[in-house]
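The next block holds one structure in the form of structure tokens; read it before the comments.
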Amino acid sequence: MQGLSFDTASYHVIANDQALNMGPTEFKLLHFMTHLERVYSREQLLNQVMGH
């Protein structure tokens with residue numbers, strides 16, 4: 001995604017040169033959106049993000 005930068009070690013996101021404040025769960029969900037070629041089911045998202 002153009003204009004977004006992710007630091008997976010610290011869960012920091014920069015959007016258009018502005019830092020976004022988010023928690024680890026929000027970060028993981030947003031990070032999934034960078035895989036535009038993939039479609040995830042609700043169950044897959046929950047398993048990957050929440051660890052269920």
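The values are calculated or read from the model by the stated rules, or taken from the named source; none is laboratory data. The structure presented is a predicted model; accordingly, all values stated were derived computationally and were not measured. Using ideal geometry, Cβ is built from the backbone for each residue, glycine included, and neighbour counts are taken over all protein chains shown.
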TODO: Restrict the check to the range 25-46 and report whether at least one residue is on the phi > 0 side of the Ramachandran plot and modelled with pLDDT under 85.
DONE: no
Task: Those residues of the range 20-49 which are loosely packed, with under 10 Cβ neighbours inside 10 Å and either hydrophobic (A, V, I, L, M, F, W, C) or touching a Pro at 6+ places or on another chain (Cβ under 6 Å) (or both), in sequence order - done: LEU36, VAL39
Open item on the list: Conditions first: (1) part of a loop (DSSP other than H, G, I, E, B); (2) touching a residue at least 24 places away in the same chain (Cβ under 8 Å). GLU37 passes all but one, so which condition is the exception?
Closed with: (2)
Task: Failed condition for PHE6, given (1) in a loop (DSSP other than H, G, I, E, B); (2) of a type outside the set (Val, Ile, Thr); (3) surrounded by 10 or more Cβ atoms within 10 Å (Cβ to Cβ) - done: (1)
